[in-house]
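K.L.:
Quick one: this structure, given as C-alpha cells, is what I'll be asking you about.
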Amino acid sequence: MNLYLDDKRVPSMSNSEGRGLGAAYGAKDKWVIVRDYFEFVDFVEKNFDDLDIVSFDHDLACFREGKEYTGKDAVNYLINYCLDHNKKFPNWFVHSDNTAGKNNIIGAVINYLNKVEGVDTSKFRYHHSGIINGLAV
C-alpha cells in the first residue's frame, strides 16, 4: 500500500513522465491519500505493516492549538513509531516543492537510516528524493 501525504495535490501532480517516481506512480488508485498530519498518524497506526511507500509533502496547512504540523512532523512521528515498535523505516519519497522543507525531511530520514538502522546512505546525493527498495531515487 502506498501512502501519499499532501494537503492539496494528487499523485499525478508529483509523479509523471520525467517527474517524481515516474508515470507508473501517478495513478490515484495506486495511493491512499491523507491530507494532514493527524490523518497520517491515524493511518500509520492502523496500517504500518501494509506500507510499501510513503510520499511526503512538507507544507500541509495543518494547525492545531496554534501549532503548525508539517511533513517533517510526520517524518518524526514515523521515525518514533519505528523506534517504539522495532520496525524498519518503509520505502519513502519526498515530493514537496518547498526546497528547505524537503531537505529537512530528507536529512531526518537519511540520518535515522544511517545512525539507527545502519543503512549505507553514502550513495544518496543532493538530487535524490527518497529510497525505494534500497536504491536512491
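K.L.:
Working carefully through the options 84, 97, find the one that is among the acidic types (Asp, Glu), modelled with pLDDT of 95 or more, more than 12 Å from the chain's Cα centre (by Cα) and closer than 25 Å to residue 23 by Cβ.
P.N.:
Answer to the selection: 97.
K.L.:
Inside the range 80-128, can you point out the residues that are in contact (Cβ under 8 Å) with a residue 60 or more places away in the chain and assigned to a loop (DSSP other than H, G, I, E, B)?
P.N.:
Passing the criteria: only 95.
K.L.:
Is it the case, given these coordinates, that residue 49 is loosely packed, with under 11 Cβ neighbours inside 10 Å, among the charged types (D, E, K, R) and within 20 Å of residue 13 (Cα to Cα)? Step through it out loud before you land on a result.
P.N.:
Details: loosely packed, with under 11 Cβ neighbours inside 10 Å: yes; among the charged types (D, E, K, R): yes; within 20 Å of residue 13 (Cα to Cα): no.
Answer is no for this residue.
K.L.:
Name the residue, out of 106, 131, that is at pLDDT below 95 and out of contact with any Gly (no Cβ under 6 Å at 6 or more places or on another chain).
P.N.:
The unique qualifying residue is 131.
K.L.:
All but one of (1) open to solvent by 80 Å² or more (accessible area, probe 1.4 Å); (2) part of a helix (DSSP H, G or I); (3) aromatic (Phe, Trp, Tyr) hold for residue 63, so report the exception by its number.
P.N.:
Of everything listed in (1) open to solvent by 80 Å² or more (accessible area, probe 1.4 Å); (2) part of a helix (DSSP H, G or I); (3) aromatic (Phe, Trp, Tyr), residue 63 misses just condition (2).
K.L.:
Here is a further query. Could you list, in sequence order, the residues of the range 78-106 that are among the hydroxyl-bearing types (Ser, Thr, Tyr) and open to solvent by 40 Å² or more (accessible area, probe 1.4 Å)?
P.N.:
99
K.L.:
So which of 45, 65, 17 ends up being charged (D, E, K, R) and at positive phi?
P.N.:
65
The values are calculated or read from the model by the stated rules, or taken from the named source; none is laboratory data. Keep in mind it's a predicted model, so treat the numbers as computed, not measured. All Cβ positions, glycine included, derive from the backbone under ideal geometry; neighbour counts span all protein chains shown. The area values use the complete protein model at the heavy-atom level, side chains included, leaving out ligands, DNA and RNA. Shrake-Rupley method; radii C 1.70, N 1.55, O 1.52, S 1.80 Å.
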